[in-house]
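Notes for the one structure printed next.
The values are calculated or read from the model by the stated rules, or taken from the named source; none is laboratory data. Keep in mind that this is a model prediction, so the values were computed, not measured. Using ideal geometry, Cβ is built from the backbone for each residue, glycine included, and neighbour counts are taken over all protein chains shown.
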Amino acid sequence: MRLFIALPLEPPVRDYLGRVIEQLRRSRASVKWVNPKNMHLTVRFLGETPEATVPKLTRLMDEIAPQFSGVDVAVDKLGAFPNLRKPRVVWAGLSGDIEPLEKMARQIELAVRKLRFEPEKKGFKPHLTLGRLRDPRNCGDLPEVIERFSIEPTMLRLDRIVLFKSTLTPQGPIYDKLHETLLGERFGGSAKRASGG
């Protein structure tokens, strides 16, 4: 099964980013845009994972999550990886209380390595993927559209981590929630909740 750990987004934020995507679609770029209901903040992509490893992953999430409070951040900028001149991924960026998320991602990284996952080479860069270019050479006026775009700063509460299973289909990926754990201190310690897909 293809797995990843992520922080889910509140519906109003997903809806707003869906409206942003509708405006970005006006560019002539060949982009595969993300379905807003699938948007999330990836903490660690795990890839193909044996089913027997899932209980170990849920345990490490339940151990790590209570050590970190929920955070309030703002979605307040647009950009592209690796850069606007040669965009491959269009993203929305976050500002605010990012440091706890970075610490949590490092702790999760160390924990999954102990489960023999390959080290993550890119590191954790908090961003929300909006779309991926099918052909970076065919970006049209997308860089100019992104530069001119005036995003409305939108507050976002991140208060839980989820283990998702991703099933790839011709219509796009389907994400099933395998386990959900609330972040800690502001919720009275190790509150946790599991739910099947």
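Looking at the structure I just gave you, is A29 buried (at least 19 other Cβ atoms within 10 Å of the Cβ), closer than 29 Å to G140 by Cβ and either over 15 Å from the mean Cα position of the chain (by Cα) or among the charged types (D, E, K, R) (or both)? Considered against the rule, which asks whether it is buried (at least 19 other Cβ atoms within 10 Å of the Cβ), closer than 29 Å to G140 by Cβ and either over 15 Å from the mean Cα position of the chain (by Cα) or among the charged types (D, E, K, R) (or both), A29 comes out as yes.
Please work out which one of (1) touching a helix residue (DSSP H, G or I) at 6+ places or on another chain (Cβ under 7 Å); (2) modelled with pLDDT of 95 or more; (3) not in a helix (DSSP H, G or I) is the condition S27 fails and give its number. Every listed condition holds for S27 apart from (2).
Restricting attention to the range 66-77, which residues are farther than 30 Å from E152 by Cα and either hydrophobic (A, V, I, L, M, F, W, C) or crowded, with 16+ Cβ neighbours inside 10 Å (or both)? The answer is P66, and nothing else. If you filter the range 142-174 down to residues that are in a loop (DSSP other than H, G, I, E, B) and closer than 19 Å to V34 by Cα, you find that the one that is nearest to the chain's Cα centre (by Cα) is P173.
All told, T53 falls short of being surrounded by 16 or more Cβ atoms within 10 Å (Cβ to Cβ), part of a helix (DSSP H, G or I), touching a strand residue (DSSP E or B) at 6+ places or on another chain (Cβ under 6 Å) and of a type in the set (S, T, Y). Within the range 80-91, being touching a helix residue (DSSP H, G or I) at 6+ places or on another chain (Cβ under 7 Å) and either loosely packed, with under 13 Cβ neighbours inside 10 Å or not aliphatic (A, V, I, L, M) (or both) holds for R85, P87.
Within the bounds of the range 39-62, is there any residue that is under 21 Å from D15 (Cα atoms) and touching a Lys or Arg at 6+ places or on another chain (Cβ under 8 Å)? Spell out how you get there, then give the answer.
Initially, the range 39-62 is screened for residues under 21 Å from D15 (Cα atoms), giving 39-42.
Filter once more, keeping what is touching a Lys or Arg at 6+ places or on another chain (Cβ under 8 Å): 39.
Looking through the range 39-62, at least one residue is under 21 Å from D15 (Cα atoms) and touching a Lys or Arg at 6+ places or on another chain (Cβ under 8 Å).
Given the criteria of a type outside the set (S, T, N, Q), outside any helix (DSSP H, G or I) and surrounded by 14 or more Cβ atoms within 10 Å (Cβ to Cβ), does V13 qualify? No.
Restricting to the range 30-58, count the residues that are out of contact with any Leu (no Cβ under 7 Å at 6 or more places or on another chain) and farther than 18 Å from M1 by Cα. Residues meeting the conditions: 3.
Applying the condition of being acidic (D, E) and either within 27 Å of R28 (Cβ to Cβ) or at pLDDT 90 or above (or both) to the range 142-197 and asking which residue is surrounded by the fewest Cβ atoms within 10 Å (Cβ to Cβ) yields E152.
For the range 95-112, residues that are modelled with pLDDT under 95 and buried (at least 18 other Cβ atoms within 10 Å of the Cβ) total 1. Number of residues in the range 73-90 that are touching a Lys or Arg at 6+ places or on another chain (Cβ under 9 Å) and within 20 Å of P36 (Cα to Cα) equals 6. Per this entry, L115 is counted among residues that are under 21 Å from S166 (Cα atoms), more than 18 Å from the chain's Cα centre (by Cα) and exposed (fewer than 14 other Cβ atoms within 10 Å of the Cβ).
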